[in-house]
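*Asks:* Before I ask anything, here is the structure I am working with.
Read-outs throughout are calculated quantities, based only on the coordinates presented, and are distinct from any laboratory measurement. This one's a predicted model, so the numbers in the text were calculated from it and none came from an experiment. When we count neighbours, we look across all protein chains shown, and the Cβ atoms used for this are built from the backbone with ideal geometry, even at glycine.
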Amino acid sequence: MRIGQEEERGPRISLVVDGRDVACHAGESIAAVLLEAGVTHFRTSRTGTPRAPWCNMGTCGECYVRIDGRRRRACLVAAQRGMEVVTDG
Amino acid sequence: MAEAHEMDVAIVGGGPAGLNAALVLAGAGASVSVIDEQARPGGQILRQPPTGFAVTDWLTGRPYTGLKRDLAAFEDSGATWRGGRSVLSIQRAPEGARREDSGGAGAFDLVTAGGEGAATYRARHVLVAGGCQDLAVPFPGWTLPGAMTVGGLQAFVKSQRIVPGGPVLLAGTHPLMLVLAEQLLEAGARIAGVVFAQGRARFAGRLGRGLLGAASGAGNLLAGAEAMARLVRSGVDVRFGDPLTGLLGRDRVEAARFASGEVVPCGLVGTGYGFVPQAELVRQAGANVRPAGRAGGWAAAVDSGFRTSVPGLYAAGETVGVAGAEAARLRGRIAGGVIADALGRRPVGDMAKARSDLAKVERFADLLDRIADPRPYFPALPAETFACRCEDVSAGEIENAIAAGAGTADAVKLRTRCGMGVCQGRNCEPTLLRLLAAEGCKDDPGFGARFPARPVRIGDLID
């Protein structure tokens with residue numbers, strides 16, 4: 001759930017998450033964009049269990065996804081137009 | 001790697017401590033850079049919305065007023081902001097590279113990584129003001145999507161302006177849950193409950209004695225009591241004396257189970273058992289640390305001038321012990337003054353007043369710490385529950401390793417991979433030390449601190 005008025009957020013953009021277009025606002029963290037798009041499975045752990053953001057401050061590494069080909073912590077990366085995000089990568 | 005950027009002082013962390021130190025130092029004419037993983041200054045307490053957002057009425061509460069003033073002053077201070085950059089290590093610069101006029105201290109090289117790759121910063125003095133993190137407390141179901149720390153959940157509300165799911169349940173021992181519940185309520189979230197593990201008498205009794213005894217903290221304590229009253233009036237279920245035992249769900253959180261046997265349906269959970277300092281960089285640089293206190297973890301050991309045991313390396317804010325944002329501001333200010341002195345510059349501001357204010361604030365912080373003490377309420381840890389969430393190492397595997405003779409944190413790490421993941425042992429170390437202590441291996445110094453303090457692409461380091 002996004003809080004407050006739409007006008008309070010950055011410009012509307014879209015990016016590609018696992019092959020589908022996802023609308024969001026420029027500057028939102030990739031973690032926020034994915035959660036708002038209903039993604040709950042960011043990475044798969046060594047024993048095959050699904051993981052999603054936990055600390056949301058760059059410490060735990062549970063939100064690792066592939067962004068434009070590089071594995072990055074989704075909570076620390078700001079959304080930009082046209083980014084390609086692959087979960088479970 | 002690119003050539004080094006040089007400066008008088010590098011400050012790691014742009015929260016209340018780092019910003020206040022930067023204000024004092026920049027005011028004294030020193031060249032200062034503040035390096036932080038977040039894109040914008042403020043730290044976790046003032047985690048700012050992204051650039052381009054224009055949030056009206058952002059963090060209007062009284063506790064944020066002074067902090068927002070610091071932030072505005074910092075923007076005009078002349079200190080350099082280096083956001084979106086993780087510090088991987090702090091090392092002594094090579095002998096020949098040190099400047100003669102360093103006031104007895106050595107120069108340091110900070111290796112950092114950010115969006116554009118690695119960079120090295122060379123500074124005569126370094127202040128680590130790395131803040132704190134939620135104490136990681138494992139229990140069955142804690143790795144399910146939808147389970148978060150209260151700090152992480154609060155950052156989504158404050159900065160990203162989202163509530164990522166619901167209904168929201170908050171459970172643990174820390175009064176921050178009351179603050180977060182109010183922010184969630186204001187955001188329009190559905191709250192399934194706020195459940196404290198400790199009994200009401202323990203909570204309210206200490207609160208009451210604190211009100212009488214800690215005059216300077218009384219305002220904050222009253223604010224907490226008022227928050228609780230408002231939550232209850234709004235129909236939020238605030239309960240005491242029922243420790244969380246686990247979360248239920250297949251691929252995500254569906255419910256929480258409590259010691260009373262009650263099962264509460266929910267889609268998003270924040271657990272809050274207190275906070276531990278981020279002191280890895282200090283440890284890695286070879287400076288002494290000390291046990292941080294009730295919640296566990298390590299704090300940088302410093303003298304009254306916030307000097308660590310390594311000359312030229314200072315630590316302030318929550319890195320020297322978790323005491324809240326106001327203490328962090330004051331500690332940063334004092335540390336900034338001490339470093340300015342060492343540079344032969346005249347610090348601005350009333351340092352004696354900062355020191356006497358700090359003593360009062362720290363007394364209040366200790367009261368809060370006692371109220372939030374998680375130790376009697378750690379959930380039982382069944383053998384199959386992961387203690388290390390990076391490497392999926394279960395409590396049972398660790399107990400077996402200890403039984404087989406691994407009597408130290410590093411020995412357990414070698415045998416099980418516990419602590420070898422991307423968090424560098426930050427999250428599993430307190431649990432591991434508890435499991436070791438339960439088997440008679442007390443006073444373990446924890447994992448040896450290693451490079452890098454944050455994950456980095458190998459390619460970034462060898463470019």
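*Asks:* Over 21 Å apart: what share of the alpha carbon pairs of segment B:138-272 falls there, rounded to a whole percent?
*Replies:* For segment B:138-272, the fraction of Cα-Cα distances above 21 Å is 40 percent.
*Asks:* Report, by chain and number, residues whose modeled amide H sits under 5 Å from the one on residue A:28, excluding near sequence neighbours (fewer than 5 apart, same chain).
*Replies:* Here the answer is A:79, since their amide H atoms fall under 5 Å of that of residue A:28.
*Asks:* Computed over the Cα atoms of chain B, what is the ratio Rg over Rh, Rh following Kirkwood?
*Replies:* Dividing the radius of gyration by the Kirkwood radius yields 0.96.
*Asks:* Return the Rg/Rh value of chain A, two decimal places, where both radii are evaluated on C-alpha atoms and Rh is the Kirkwood radius.
*Replies:* Values: Rg = 12.6 Å, Rh = 13.1 Å.
Ratio of gyration radius to Kirkwood radius for chain A: 0.96.
*Asks:* Compute the distance from the alpha-carbon center of segment B:26-74 to that of segment B:118-188, in whole Å.
*Replies:* Taking the Cα centre of each part, segment B:26-74 and segment B:118-188 sit 17 Å apart.
*Asks:* What number, in percent, do you get for the relative contact order of chain B if the mean sequence gap of Cα pairs under 8 Å and at least 6 apart is divided by its residue count?
*Replies:* Details: 1013 pairs, mean separation 86.3, N = 463.
About 19 percent, as a whole number.
*Asks:* Taking GluC sites (Glu not before Pro) as candidate sites, keep only those in a DSSP loop with at most 10 other Cβ atoms within 10 Å, then name the longest stretch of chain B containing none of them.
*Replies:* After excluding every exposed loop site, the longest remaining stretch is B:117-383.
*Asks:* Out of all DSSP beta bridges with both ends in chain A, state the antiparallel percent to the nearest 5.
*Replies:* In chain A, DSSP labels about 90 percent of beta bridges as antiparallel.
*Asks:* Here's a follow-up. Computed FRET efficiency, Cβ-Cβ of residue B:5 and residue B:232, R0 56 Å: what is it to the nearest 0.05? All intermediate terms of the calculation are to be shown ahead of the outcome.
*Replies:* Working: r = 53 Å, r/R0 = 0.94.
Here the calculated transfer efficiency is 0.60.
*Asks:* Moving on. Where both partners of a DSSP beta bridge lie in the protein assembly as shown, what percent of those bridges are antiparallel, to the nearest 5?
*Replies:* 60 percent
*Asks:* Could you give the nm distance between label points at residue B:359 and residue A:41, where each point is 7 Å from its Cα heading toward the beta carbon?
*Replies:* Modelled inter-label distance: 5.9 nm.
*Asks:* Choose one answer from A:73, A:43, A:12: the residue with the largest mean-square fluctuation in a GNM of chain A with alpha-carbon springs under 10 Å.
*Replies:* The residue that fluctuates most here is A:12.
*Asks:* Pull up the cross-link candidates among the lysines for residue B:68, meaning alpha carbon to alpha carbon under 16 Å and not fewer than 8 places away within one chain.
*Replies:* Hits, sequence-local ones excluded: B:158.
*Asks:* Once you have the alpha carbon radius of gyration of the protein assembly as shown, what is it after dividing by 2.2 N^0.38 Å, with N set to its residue count?
*Replies:* Its radius of gyration relative to the 2.2 N^0.38 Å reference: 0.92.
*Asks:* Here's something else I'd like to know. Excluding residues on the same chain fewer than 8 positions from residue B:353, give the aspartates and glutamates whose Cα lies under 13 Å from its Cα.
*Replies:* Those aspartates and glutamates meeting the cut-off do not exist here.
*Asks:* Another question, if that's okay. DSSP beta bridges in chain B, what fraction antiparallel, as a percent rounded to 5?
*Replies:* On the way: 30 of 62 bridges.
Of those bridges, close to 50 percent are antiparallel.
*Asks:* Work through the residues other than residue B:277 whose Cβ is under 11 Å from its Cβ and net out their charges, Lys, Arg +1 and Asp, Glu -1.
*Replies:* So the environment of residue B:277 carries a net charge of +1.
*Asks:* Sticking with this structure for a sec: What aspartates and glutamates does residue B:442 reach when the alpha-carbon gap must be under 15 Å and sequence neighbours fewer than 8 apart in one chain are set aside?
*Replies:* List returned: B:399, B:410, B:429.
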